[in-house]
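**Q** Have a look at this one.
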């Protein structure tokens with residue numbers, strides 16, 4: 001199989017995933033009705049808005065968690081191809097054909113992981129109905145950490161064990177995006193309840209900035225890790241370099257994810273408090 005076709009199967013999966021994401025976004029836009037508006041007497045004041053933003057403790061915790069979590073994702077994603085090529089020994093050999101495309105071990109692994117995450121997403125509503133968001137984020141994040149670090153102990157020849165562990169971790173991780181975005185909305189309500197100013201736009205844009213920062217720093221960190229362990233592209237790697245690649249795919253992102261999870265321990269908005277906040281805000285309107 002030519003070098004240009006080596007990851008074609010994975011690229012098709014990502015393209016399909018992107019198209020589905022766009023469709024879901026448009027459906028959300030079309031079917032969602034805006035129910036939250038700024039307080040009638042609130043006037044635009046950048047200084048007051050920034051002051052309210054900085055005094056929002058839950059928002060600050062989510063900001064820190066967002067940076068660390070996305071750093072973890074970026075480091076692990078950055079190490080995936082290297083892990084399979086140099087540790088697993090994936091030479092691009094075709095495992096099966098689908099829709100006229102060739103799938104090697106790397107593309108099968110990543111594609112099944114995406115499908116498993118979609119399965120995990122279906123459990124979001126049930127879990128959110130029975131458990132606190134904070135508790136779910138801590139438990140699910142630690143479960144995903146265990147799956148990530150567990151890869152370090154799986155031998156290179158146990159490919160299907162890796163696939164299974166990755167699918168389990170992806171299912172566990174599935175509900176977390178929706179839950180954490182709901183927590184962002186809760187922090188916006190908290191900010192209005194505490195300060196009297198509605199800063200939803202600033203809160204969500206700040207969180208997105210944290211996520212982009214995490215991705216950027218994590219991607220850069222991946223390059224530094226490879227350089228630190230003496231990686232040379234398309235060469236036989238030393239034992240130290242192989243160890244660095246393994247750590248970059250397993251332990252290092254796990255440690256970053258643990259740090260992100262620790263942040264959630266300081267998040268104090270629970271159902272009772274959110275219910276009180278929503279009730280009091282409704283009387284102010």
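What follows is calculated from the coordinates using simple rules that are stated; it is not laboratory data. What you see is a predicted model; the values in this text were computed from it and never measured. Positions of Cβ are generated from backbone atoms using ideal geometry, with glycine treated the same way; all protein chains shown enter the neighbour counts.
**Q** How high is the relative contact order of the chain, in percent, counting Cα pairs under 8 Å that sit 6 or more residues apart? Intermediate results must be reported in sequence, preceding the final value.
**A** Numbers: 337 pairs, mean separation 99.2, N = 285.
Reported relative contact order: 35 percent.
**Q** On a full-extension model of 0.36 nm per residue, what is the gain between residue 121 and residue 219, subtracting their alpha-carbon distance, rounded to one decimal in nm?
**A** Length gained between residue 121 and residue 219: 32.7 nm.
**Q** Find the centroid of the Cα atoms in the stretch 225-277 and in the stretch 92-162, then give the distance between the two in whole Å.
**A** Centre-to-centre distance over Cα atoms comes out at 16 Å.
**Q** Could you please rank 149, 67, placing first whichever residue has the fewest other Cβ atoms within 10 Å of its Cβ? Spell out each step's value before the answer.
**A** Details: 149 17, 67 25.
Ascending Cβ contact count within 10 Å gives the list 149, 67.
**Q** Shifting gears a bit: Please grab the % of Cα pairs in the stretch 48-284 that end up more than 24 Å from each other.
**A** Cα-Cα pairs of the stretch 48-284 separated by over 24 Å account for 51 percent.
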